[in-house]
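Colleague: The structure's right below; bear with me while I get my questions together.
The values are calculated or read from the model by the stated rules, or taken from the named source; none is laboratory data. These numbers were taken from a predicted model, which means no experiment stands behind them. No Cβ is skipped: glycine too gets one built from the backbone with ideal geometry, and neighbour counts run over all protein chains shown. For the accessible areas, the whole protein counts, side chains as well, though only heavy atoms, and no ligand, DNA or RNA atoms are used. Shrake-Rupley method; radii C 1.70, N 1.55, O 1.52, S 1.80 Å.
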Amino acid sequence: MGGTGTGLVLVIQKTIFYSDVNPTASRFSIPFSQVKTHDFLNEAEAKELAHKNPMQVCLLDPSLKQTSITFNKWVMGNTSLYVLTNTWNSVVKNNQLEKGVMVQLWYFRVNSPLCFALLK
């Protein structure tokens, strides 16, 4: 990855649901109610997501493979959640992620861009 970075900060720890590994859904949900801190977004990023503009971010998966993934905010009625989409199915397949597995999603920055690390 290179460059200077910031330390890891926990975003969420959750048990993977069927919807997180369902190839048809192709997304990892991060419900606001379970997020440990929303401080990982800077003002410009929060604004982009509020205007329904998804962001490309880096994801370091459990096998330590770096991939580009889409990060978005969805509002569903009174509920909001962040989601990782696009290349999520390949992350599931390459890391044998299954329903019931406990994962942690951490954020960090390298030379300022937002990055995530997924741990099993």
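Colleague: Is it the case that L119 is open to solvent by 70 Å² or more (accessible area, probe 1.4 Å) and either modelled with pLDDT of 95 or more or on the phi > 0 side of the Ramachandran plot (or both)?
Modeller: Taking the combined requirement at face value, the residue satisfies it.
Colleague: Evaluate the following for L84: is it surrounded by 17 or more Cβ atoms within 10 Å (Cβ to Cβ) and farther than 20 Å from L118 by Cα?
Modeller: Judged against the criteria, L84 is not a match.
Colleague: Here is a further query. Could you figure out which of (1) in contact (Cβ under 8 Å) with a residue 24 or more places away in the chain; (2) farther than 16 Å from Q104 by Cα; (3) touching a helix residue (DSSP H, G or I) at 6+ places or on another chain (Cβ under 6 Å) isn't true of D61?
Modeller: Unmet condition: (2).
Colleague: Please identify the pairs in which a residue from the stretch 99-120 that is under 11 Å from V11 (Cβ atoms) has its Cβ atom under 9 Å from the Cβ atom of a residue that is small (G, A, S) and not in a loop (DSSP other than H, G, I, E, B), counting only partners at least 6 apart or on another chain.
Modeller: So the pair list comes out as Q104/A117; L105/A117; W106/A117; Y107/A117; F108/G5; F108/A117.
Colleague: With the structure loaded, tell me whether K99 is at pLDDT 95 or above, surrounded by fewer than 14 Cβ atoms within 10 Å (Cβ to Cβ) and in a loop (DSSP other than H, G, I, E, B) or whether it fails that test.
Modeller: So K99 fits the description; yes.
Colleague: Would you confirm, using the coordinates I've provided, whether M55 is on the phi < 0 side of the Ramachandran plot, in contact with a helix residue (DSSP H, G or I) (Cβ under 7 Å, 6 or more places away or on another chain) and at pLDDT 95 or above?
Modeller: yes
Colleague: From the list I30, I16, which one is open to solvent by less than 30 Å² (accessible area, probe 1.4 Å), closer than 15 Å to N72 by Cβ and modelled with pLDDT of 95 or more?
Modeller: Answer to the selection: I30.
Colleague: A follow-up question, please. Cβ-Cβ distance below 7 Å, separation of 6 or more or different chains: which pairs start in the stretch 13-42 with a residue that is free of Cβ contacts under 8 Å to residues at least 24 places away in the same chain and end on one that is surrounded by 13 or more Cβ atoms within 10 Å (Cβ to Cβ) and basic (K, R)?
Modeller: Matching pairs, first to second residue: Q34/K14.
Colleague: While we're here: Can you find, within the stretch 16-67, the residue that is nearest to the chain's Cα centre (by Cα) among those that are under 15 Å from N89 (Cα atoms) and small (G, A, S)?
Modeller: S29
Colleague: Could you please find all residues in the stretch 50-73 being open to solvent by 30 Å² or more (accessible area, probe 1.4 Å), of a type outside the set (K, R) and under 19 Å from Q13 (Cα atoms)?
Modeller: L60, P62, S63, L64
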